[in-house]
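What follows is a short report on a single structure.
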Amino acid sequence: LSEGLKKQGEKGAGFSRVHVIGAGVMGGDIAAWCAYRGMSVTLQDLDMARIGPALERAEKLFRKRYRKKREVDAAMLRLVADPEGKGAARADVIIEAVVEKLEVKQEIFREVERRLKPGAILATNTSSIELERIAEALEDRSRLIGLHFFNPVAQLPLVEVIRSQFNADEAIARGASFALAIGKSPVVVKSAPGFLVNRVLMPYMLGAVEQVERGESKELLDAAALAFGMPMGPIELMDTVGLDVGRSVAMELGHEVPAESRFARLVAEGRLGRKSGEGFYRWD
Ligand code: NAD
C-alpha cells in the first residue's frame, strides 16, 4: 500500500462498528474476526439457522486466541445476532457476504444504501463479480468497494481491496485502513473478474477437479500439492471454499462446468464440501 494511500486512510479512520450481511462460511468468520480485533459487530442473515453456528465458530476462535475467559466473554458480547439488519444504520463499515449472485447482492445494496450513515464504508466480499455490475444498483456508485477476505479468515492475512472505476482514492484508502485496523494485509487491486488471486487460483483448482473427473485419485493430487509446498491440496481447498461458491466463481470467470460432471452433480445434491459435511471428501 502506498504511503499516500496509507495517510489518506488514517485520516479520521475511527472504525468501531461493523455490520456483516450473510452469516455463512465467510460472513460468519469475517464477523468473528472483526469482533476478535475489538470491533462491535452485528451479524445479519435471512436464515437464522446460519447465525447460531457462526457464533459457535466465533466462540471457538476467541477461546483459541485469548487466554482469559473474561476476554472471550467480552468478545462474545461484541458480536450480536441481528437478523433484521438494524445494525447497518449505525455501522462504520458494512460488509456483504451473501451468495455469489449478482441480483441478490444488488437487492441488498439497494436496500441498505438508504439507511447508511454518512461516510460509512460499503463493501462486498464477492469473489468474482465485477464491482461495477453490483454498483449499478446504487444511487451513489462511488461508495461501493470490495473487501475480499480469504478462507479461512482467521488464518489468512490477505484482503484484496477492490477498486471500481467509480471509486475515489479516499474510499479505497479507507477500505485499506480498515483492513489494517483489523490486523489484515491489504492489497489494492482493480475490479476484474476474479480480481488478482482467484484469477490464478481458480484455473488451478479446476484443473485438479478435471483430473479427478478423469479418474485420477483426489488423495494423490492433494498429497502431490502438499509435497510441492502448497499448504492445502486443490481438492481439499475446493471442499473448503464450498462447491457451490467454487462453481459460481468458475462460471463467473468464464469456465464451463457441464451439468453431467461430477462437480455439478455434487452441487445439485447439496454436497457442498466442509460446510455440508460432504463434498469430494467426507468431513464428519
Ligand atoms: P455461504 O453459502 O456459506 O453463505 C451465504 C449466506 O448468505 C447464507 O448463510 C445465506 O443464508 C445468506 N443469504 C443469502 N441471501 C441473503 C440475503 N438476501 N440477506 C441476508 N443473507 C442472505 O457462502 P460463503 O462461502 O460465505 O460466500 C459468501 C460470499 O463470499 C460470496 O460472494 C463468495 O463468493 C464470497 N467468498 C467466498 C469464499 C469462500 O472460500 N467460500 C472466499 C472469499 C469470498
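A few comments on the model shown:
- Pairs where the first residue, in the range 104-131, is farther than 11 Å from Ile21 by Cβ and basic (Lys, Arg) and the second is in a helix (DSSP H, G or I) and modelled with pLDDT of 95 or more, C-beta under 8 Å, 6+ apart: Arg115/Ala88; Arg115/Ala89; Lys117/Ala89; Lys117/Arg90
- For the condition touching a residue at least 24 places away in the same chain (Cβ under 8 Å), outside the structural domain of Val41 (by TED's automatic domain parsing) and of a type in the set (Phe, Trp, Tyr), Phe178 does not qualify.
- Residue check, Val104 near the ligand (Cβ under 10 Å from one of its atoms), assigned to a loop (DSSP other than H, G, I, E, B) and aliphatic (A, V, I, L, M): no
- Filtered residue count, the range 108-130, keeping only those that are hydrophobic (A, V, I, L, M, F, W, C), farther than 14 Å from Gly87 by Cα and either away from the ligand (no atom under 12 Å from the Cβ) or assigned to a strand (DSSP E or B) (or both): 1
- All strands (runs of 3 or more DSSP E) inside the range 143-213 with 2 or more residues being touching a Ser or Thr at 6+ places or on another chain (Cβ under 8 Å): 144-149, 158-163
- Failed criterion for Ala268 (all others in (1) at pLDDT below 95; (2) not assigned by TED's automatic domain parsing to the domain that holds Arg65 hold): (1)
- Just one of the numbered conditions (1) within 11 Å of the ligand (Cβ to nearest atom); (2) modelled with pLDDT under 95 is not true of Ser2: (1).
The values are calculated or read from the model by the stated rules, or taken from the named source; none is laboratory data. Predicted model, so just to flag it, every value in this text is computed and none were measured. With ideal geometry, Cβ positions are generated from the backbone for all residues, glycine too; neighbour counts draw on all protein chains shown.
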